[in-house]
1. Taking Cα atoms, how many degrees apart are the long axis of helix 155-169 and the longest axis of the chain, rounded to 10 and kept between 0 and 90?
2. When N counts the residues of the stretch 131-216, how does its alpha-carbon radius of gyration compare numerically with 2.2 N^0.38 Å, as a ratio?
3. Name the residues whose placed amide hydrogens come within less than 5 Å of the amide hydrogen of residue 85, ignoring near sequence neighbours (fewer than 5 apart) on the same chain.
4. Can you give me the long-range amide H partners of residue 193? Hydrogens built in the peptide plane at 1.01 Å from N, cutoff under 5 Å, separation of 5 or more residues or another chain.
5. Checking the cross-link filter: which aspartates and glutamates have an alpha carbon closer than 14 Å to that of residue 229, excluding same-chain neighbours under 8 positions apart?
6. Whole Å is fine, so just give me how far the alpha carbon centre of the stretch 220-293 lies from that of the stretch 70-122.
7. Starting from 0 in steps of 10 Å, tell me what percent of the Cα-Cα pairs of the stretch 26-111 lands in each bin.
8. Spin-label point model (7 Å from Cα, Cβ direction): what's the residue 224 to residue 127 distance in nm?
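The values are calculated or read from the model by the stated rules, or taken from the named source; none is laboratory data. Predicted model only: the values in this text are computed from it and were never measured. Reconstructed Cβ throughout: ideal geometry from the backbone, glycine too, with neighbour counts over all protein chains shown. To get the accessible areas, we keep the full protein, side chains included, count just its heavy atoms, and leave off ligands, DNA and RNA. Shrake-Rupley method; radii C 1.70, N 1.55, O 1.52, S 1.80 Å.
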Amino acid sequence: MMKLTMRLVLAPALFLAGALTIHAAGEPGIIKGADEFEFVYRVKLPEITGTARIWIPLAKTDAFQTVSVEELNIPMKWDKVQDRDYGNDICVVNAQPQDSGKTIELRYKVVRKEKAAYPAGNADAARYLRPEKLVPVNETFKTLAEKAAAGKTDDLERAKALYDHVISRMRYDKSGTGWGRGDAVYACDARTGNCSDFHAYFIALSRSINIPARFAIGATIPADKNEGKIEGYHCWAEFLADGQWVPVDISEAWKNPKLADYYFGHNPANRFELTKGRDLVVDPEPESGPINFLVYPLLEMNGEVIKPETTFEFRRIGA
């Protein structure tokens, strides 16, 4: 029987000149090379009664995206902090009754590269083997992962087996309740959910057989139009194998089976990352405890979590 061999190409070290919008035949929604766009993150505050505090992610530059802040319109007192474990930049707003109905608007210019496997450097692999509140590491996940990866000899092949297992076992379905929290146990039992549930399940399986894995969240920039609203967030995962972080997007692979090979080892250029990690520990800390994940603002008012009206918009530059 022929041994499966996989090759993942290292991402280029430099941004490509200009914004490329390459749509390969049969690859809907994919922009390869690089993409360039303006991204607007807008929050309208509800009526503020009593004590209110808001935590909002602040996008930052990394090896795959260059972020320029065009405008931070935050018309009330705020501070910039970082979470303890992942170094995400976070805006903390202390809102008063007179801030009721005000709009916070963050406007960025982004140049984003397509992501492929890249060197892990001095990453603390042990950190990405530890459980999280909604992503436990237990015998159930270990048993499932060992069965799925049986006969595979290295971490890249074992992770591919887990990737295929999640695609075949789960269904993208946002009906009912319980989905959308990135709850690995829910995903395992219900076998349904959205992107956060798909990737929580994959991360729990990976960690249970000693493959470090981690979470990131942001938005997909539509490839089929050049401006407009973005409907909701998107998240993905990475695992560590052979000294490289390998990106995966399992929920998109489920939706687009022809792209399953691409999404094992790539994120397209039309992505925007806002934060990394789960169970974010910040100071000041929310009364509700560490932040499960941060993409929409977390607003606490009088000890209660409130969902403010939030919109994402984009405009592709140079289109």
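1. Once rounded, one gets 70 degrees.
2. On the way: Rg = 11.9 Å, N = 86, 2.2 N^0.38 = 12.0 Å.
For the stretch 131-216, the normalised Cα radius of gyration comes out at 1.00.
3. For residue 85, the qualifying residues are 281.
4. Placed amide hydrogens put 171, 173 under 5 Å from residue 193.
5. Within reach: 38, 309, 313.
6. Computed from Cα coordinates, the inter-centre distance equals 16 Å.
7. Going out from 0 Å in 10 Å bins, the stretch 26-111 shows 15, 39, 28, 14, 4, 0 percent.
8. 3.9 nm
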